[in-house]
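Asks: Sharing a structure, written as structure tokens. Questions coming.
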Amino acid sequence: MTSVSGITDPQFEDPRLLPAAMSLRDVSVAFHGRVAVRDVTFDVPANRVTALIGPSGSGKTTLLRSLNRLHDLTKGASVSGTILLGDTDIYQGGIPTTVLRSRIGMVFQRPNPFPTMTIYENAVAGLRFNGVKKKSVLDAAAESALTSADLWDSVKQRLNAHAATLSGGEQQRLCIARALAVEPEVLLMDEPTSALDPISTKRIEELMVELKKRVTIVIVTHNMQQAARVSDLTAFLLMGEDRAGEQIEVSPTLKLFSAPEDQRTLDYIQGRFG
């Protein structure tokens with residue numbers, strides 16, 4: 001790694017120079033006319049982990065949910081600006097939301113496996129929703145997704161057990177497997193470890209580092225240490241005077257945590273407010 005005091009180290013990678021999986025340009029989100037996120041602009045580098053950090057109410061989850069049009073389900077919500085998935089404008093490009101959410105998966109704060117379904121049925125639920133019926137295809141996808149989520153070895157003998165029989169950490173990894181089974185390009189994760197114990201948290205953090213080889217990840221986290229451990233790029237959001245989520249700084253994680261450009265970023269990561 002590099003010192004960020006101006007010394008160049010060839011091992012240091014600036015993720016901002018990598019190809020973008022997604023691009024945000026002047027993205028704002030409002031609810032019934034009240035702005036919650038304002039003028040956010042940055043690129044999400046492909047096959048890297050991008051962390052969204054900031055105090056409660058700064059718009060992190062609101063921004064995250066805009067990336068696969070979940071606000072379409074919220075009365076009074078409006079999203080302006082441009083969000084590109086590759087070259088496709090996800091709001092103006094005519095892409096159906098069902099297709100979009102196959103390309104951009106989502107893992108929520110609390111594990112939410114379908115409680116009446118088995119482990120196997122949960123793993124392939126997205127594929128079945130998309131019309132896949134061939135058992136050999138579903139079987140292969142279930143094994144691949146559960147393996148990628150570091151769950152296969154512990155559940156392969158009980159695939160027909162209900163998902164509720166799994167621990168909280170296992171349930172969250174099952175949700176990750178369910179998202180991975182449809183082979184998304186991007187995986188959104190909204191505080192995916194906040195409801196988990198430290199051991200489960202560590203396993204999912206290790207999983208994220210491994211998964212970025214195959215999928216781009218955007219994670220919301222309140223845990224500064226977690227952002228530092230798993231992410232390559234970090235975007236810091238803060239409430240402005242009008243309480244809109246304002247983009248303060250987007251930098252390589254190493255740089256943001258060791259030599260941020262904005263005093264407000266330094267104040268936040270050093271715990272002076274939150």
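Derivation of every value follows stated rules applied to the coordinates shown; laboratory data play no part. Here the structure is a predicted model, which means the values were calculated and not measured. In this analysis, Cβ positions are derived from the backbone assuming ideal geometry, glycine residues included, and neighbour counts consider all displayed protein chains.
Asks: Compute the helix-to-body angle for 135-148: its Cα long axis versus the longest principal axis of the chain, expressed 0 to 90° and rounded to tens.
Replies: Value to nearest ten degrees: 40.
Asks: For segment 118-168, what's the relative contact order in percent, using C-alpha pairs closer than 8 Å and at least 6 residues apart?
Replies: About 58 percent, as a whole number.
Asks: Near W152, within a Cβ-to-Cβ distance under 13 Å, what is the net charge of the other residues, with Lys and Arg +1 and Asp and Glu -1?
Replies: Cβ neighbours under 13 Å give a net charge of -2.
Asks: What ranking of V79, V37 emerges when the number of other C-beta atoms within 10 Å of each C-beta is taken as an exposure proxy, fewest first?
Replies: In order of increasing Cβ crowding within 10 Å: V79, V37.
Asks: At q = 0.08, 0.12, 0.16 Å⁻¹, what base-10 log of I(q)/I(0) does the Debye formula yield for the chain when every alpha carbon is treated as an equal point scatterer in vacuo?
Replies: For the chain, the Cα-only Debye profile gives -0.33, -0.75, -1.26.
Asks: Within a 10 angstrom radius of the beta carbon, how do E183, E210 rank from fewest other beta carbons to most?
Replies: Listed from fewest to most nearby Cβ atoms, that is E210, E183.
Asks: Could you line up Y91, Y268 from fewest to most neighbouring Cβ atoms inside 10 Å?
Replies: Y91, Y268
Asks: Oh, and also: When only Cα pairs under 8 Å and 6 or more residues apart are kept, what is the percent relative contact order across the chain?
Replies: 27 percent
Asks: Evaluate the relative contact order of segment 190-274 (contact order divided by residue number), counting alpha-carbon pairs under 8 angstrom at least 6 apart; express in whole percent.
Replies: The value is 19 percent.
Asks: Right, next: Could you check what % of the DSSP bridge pairs in the chain are antiparallel, to the nearest 5?
Replies: Working: 26 of 45 bridges.
Antiparallel bridges: around 60 percent, rounded to the nearest 5.
Asks: Considering only C-alpha atoms, what is the centroid distance from segment 79-147 to segment 11-78, in Å?
Replies: Between the Cα centre of segment 79-147 and that of segment 11-78, the gap is 20 Å.
Asks: Right, another one. Which of the trypsin sites (Lys or Arg not before Pro) found in segment 203-237 are loop residues per DSSP with 15 or fewer other Cβ atoms within 10 Å of their Cβ?
Replies: Those that pass, being in a loop and sparsely packed, are K213, R214.
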